[in-house]
Amino acid sequence: MTSQKPPKATAPTRKTAQELRSWRWYGAKDLRAFGHRSRTAQMGYHRSDYAGKPVIAIINTWSDINPCHSHFKQRVEEVKRGIWQAGGFPVEMPAISLSEPFQKPTTMLYRNLLAMECEELLRSYPADGCVLMGGCDKTTPALVMGAISMDLPAIFMPAGPMLRGDYKGEYLGSGSDTWKYWAELRAGNIGEDDWQQVEDGIARSPGHCMTMGTASTMTSAVEVLGLTLPGAASIPAPDSRHAQMATLTGKRIVDMVWEDLKPSDVLTAGSFDNAVTAVLALGGSTNSIVHLIAMARRAGIALDLARFDALARKTPVLANLRPSGKYLMEDFFYAGGLRAFLTQLGDLMDFEQQTISGRTLGENVEGARIFNDDVIRPRSKPLVASDGLAVLTGNLAPAGAVIKPAAMEPQFRKHQGPAVVFRDYNDMAARIDSPDLEVTRDSVIVLQSAGPQGAPGMPEWGQLPIPQKLLKQGVRDMLRISDARMSGTSYGACVLHVTPESHVGGPLALVRDGDVIELDVAARSLNLKVSEAELERRKAAWKAPMPKFSRGYGVLYLKHIQQADTGCDFDFLAPDSAKSTAPGDPEIH
Ligand code: FES
């Protein structure tokens, strides 16, 4: 792999104070600038606090209802400390906090809203650069998407994983062990007391989910893209080194402004290939496919499903982390973290890619060592030889679907069976545990109306529940298919992101009980064994469902949301319509 863009000069030219974007708010000798200065004085700042200094917007997604970011109230002070020390002027700007455990129907409905908020905050206020504080699942891609579109100097500060969960002397993993013990409870193998102990011990510190779920996957991907300080993504949230990283992040952004080091100087097709490769080797979340495609498209880079599949075929899974493996993010940090992990990928990576540290990715990982080679496996002893993710196509998913072969029972990699169809989530919830449900371990469970428009918001419903009567027979995995996403902490033979989705008339909408579905992961195929003529008949009889929203943000969402294979971004946020970078903004009068 070769560099797509030469690294930025090692001795960057530095801006002058008059060239700062914020100068037009503060430096001019006019009535508007008088207003900005007098109102800054009103907040208790003397002009020496900000005059001629980079104004750093800190986009903080702290909220009382986001446990993954509960330490951000403190961390933002540490970021500010770094900014002050480096000669900048910090301005904290709260933004919508997409709290994965609480927000309904799904945070994914609001990812693009946060991306827009981030972009518009940066556009409309006197920001010279920004620190993006996120980590809980969608906050990471959302903030990065907004920052890419605005293209001011930007540095991401990951929330960091929470500590390992604890239950009867065992380590619990976010999400993964919730599903595991929920299945055991439903099967009658554990009691309410045990379940209560799992509840008390599974999330016991600030920080995002500590399995290799979407949060850890996306913060790691953003570090590999070169948008964080080296090593930032792996530090557990409560660790004092996380606080130190926050301060260093604040210091670094000030220099980045003087150097005019922007996302467009760092993001290339090569850096996205690096991020995808790292995600695959980490056994990362399927959600990253949607997010990385959306982020790349914001940067004008044509990343698609085929590229994921091509890279998956040659990338081994080396991180022994749940849900694919055994350990948790805290173990990964102690084993050397992402920097050490990347050294194992060797020829699969392009280490010449530039990063916001001002150095290349290769320079960032220099000297990193692995302290536990069961957590970070050598290339000679991978967890899985290849295919951390696989992209499927066929008459059931003409524009693609995805599956995570590393996290499913191997016998389902080639499987065919009769469909048991649920027309939407409520239908599934009402009937899945019915003793009358005609289902066997060979059946294929199908959920419709769970995609970007259908649910709406493409929620993480894709790990469809196994019917209770099969659980009681000891069944723990079976083939399941939907146009939903799946939590990165989930596992199982779950085909996801079926595109086009059923709500817009994709073939998934045409499946009926008893139809035979065939999956062949090695052949990358997913097919409905029903004749073309019959499918045409069903298609002609299909009626488009009513839109789920009639007012508000939901209407905007339904009108502009795109399908999963192109990243579920809004059509009007494509780069051509996002060309308003800093200077000359119409807002400055
Ligand atoms: Fe926030 Fe999992 S709930 S990262």
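The values are calculated or read from the model by the stated rules, or taken from the named source; none is laboratory data. Note that the structure is predicted; figures quoted are calculated from it, not measured. Because the Cβ atoms are built from the backbone with ideal geometry, glycine has one as well, and the counts that use them run over all protein chains shown. Remember, those area values only see protein heavy atoms, side chains included, never the ligands or the DNA or RNA. Shrake-Rupley method; radii C 1.70, N 1.55, O 1.52, S 1.80 Å.
For the chain, what percent of Cα pairs sit more than 33 Å apart? Walk me through the numbers on the way to the answer.
Numbers: 73654 of 173166 pairs.
Looking at the chain, the distances longer than 33 Å represent 43 percent of pairs.
With all protein chains present, calculate the accessible area of Phe570 using a 1.4 Å probe and round the result to the nearest 10 Å².
Accessible surface of Phe570 is approximately 0 Å².
Where the centre of each part is set by its Cα atoms, how far does the stretch 273-302 sit from the stretch 403-443, in angstrom?
Each part's Cα centre sits 28 Å from the other's.
How big is D for the stretch 354-436, in µm² s⁻¹ as a whole number, if Stokes-Einstein is applied with the Kirkwood radius of its Cα pairs at 10 °C and 1.306 mPa s? Working shown, then result.
Details: Rh = 18.1 Å.
Roughly 88 µm²/s, to the nearest whole number.
Every cysteine in the chain with no other Cys Cβ under 4.7 Å from its Cβ, please list them in numeric order.
Cys with no partner Cβ under 4.7 Å: Cys118, Cys130, Cys209, Cys494, Cys568.
Before rounding to the nearest 500, sum -39500 (n - 2.57) across all DSSP H runs of length at least 4 in the chain and divide by the residue total; then give [θ] at 222 nm in deg cm²/dmol.
Working: 21 runs with 200 residues, N = 589.
Computed mean residue ellipticity for the chain: -10000 deg cm²/dmol.
Across the stretch 99-111, in residue order, what do the Karplus-derived ³J(HN,Hα) couplings come to in whole Hz, using 6.51 cos²θ - 1.76 cosθ + 1.60 with θ = phi - 60° and x for Gly and Pro?
Rounded to whole hertz, the list is 8, 3, x, 10, 7, 10, x, 6, 4, 5, 4, 10, 4.
What accessible surface, in Å², does a 1.4 Å probe find on Phe549, ignoring ligands, DNA and RNA and rounding to the nearest 10?
70 Å²
Could you work out what % of the accessible surface of the chain is carbon and sulfur, using a 1.4 angstrom probe and leaving DNA, RNA and ligands out of the count? Before the final figure, lay out the partial values.
On the way: 11620 of 22250 Å².
C and S atoms contribute 52 percent here.
Order the following by accessible area, largest value first: Glu534, Glu330. Probe radius 1.4 Å; ligands, DNA and RNA are ignored. Walk me through the numbers on the way to the answer.
Details: Glu534 45, Glu330 15 Å².
From most exposed to least exposed: Glu534, Glu330.
Take the alpha carbon atoms of the stretch 59-109, find their center, do the same for the stretch 14-37, and report the distance between the two centers in whole angstrom.
27 Å
Under the rule of at least 5 residues apart or a separate chain, name every residue whose amide H is placed under 5 Å from the amide H of Gly394.
Gly400, Leu526
Can you quote the Å³ per residue value for the convex hull of the Cα atoms in the stretch 277-334, rounded to an integer? Each step should come with its number before you reach the end.
Numbers: hull volume 5.0 nm³, N = 58.
In the stretch 277-334, the Cα hull volume divided by residue count equals 87 Å³.
What does the accessible area of Glu92 come to, in Å² to the nearest 10, when a probe of 1.4 Å is used?
That residue has around 70 Å² of solvent-accessible surface.
Show Leu519, Leu558 ordered by accessible area, largest first, where the area counts protein heavy atoms only and the probe is 1.4 Å.
On the way: Leu519 0, Leu558 25 Å².
Result, largest first: Leu558, Leu519.
Rank these residues by their accessible area, most exposed first, probe 1.4 Å: Glu536, Glu170, Glu460.
Details: Glu536 115, Glu170 90, Glu460 50 Å².
The ordering from most to least exposed comes out as Glu536, Glu170, Glu460.
Starting from the amide H of Tyr167, placed 1.01 Å from N in the peptide plane, find each other amide H under 5 Å away whose residue is 5 or more places distant or on another chain.
It is Leu172, by chain and number.
Normalised by the number of residues in the stretch 197-296, what is the relative contact order in percent for Cα pairs under 8 Å and 6+ residues apart?
Numbers: 78 pairs, mean separation 37.4, N = 100.
After rounding, I find 37 percent.
Enter the Cα centre distance for the pair the stretch 338-355 and the stretch 229-251, rounded to the nearest angstrom.
Answer, in whole Å: 20.
If you place +1 on the Cβ of every Lys and Arg and -1 on the Cβ of every Asp and Glu, how big does the dipole about the Cα centre of the stretch 317-423 come out, in debye to the nearest 20? Display every interim value, and only then the final one.
Details: 12 positive and 11 negative charges, 98 e Å.
Once rounded to the nearest 20, the dipole reads 460 debye.
Please list 3J(HN,Hα) in residue order for the stretch 278-292, calculated via the Karplus relation 6.51 cos²θ - 1.76 cosθ + 1.60 where θ = phi - 60°; whole Hz, with x for glycine and proline.
Per-residue couplings from phi come out as 5, 4, 5, 5, 7, x, x, 6, 4, 4, 4, 4, 4, 5, 5 Hz.
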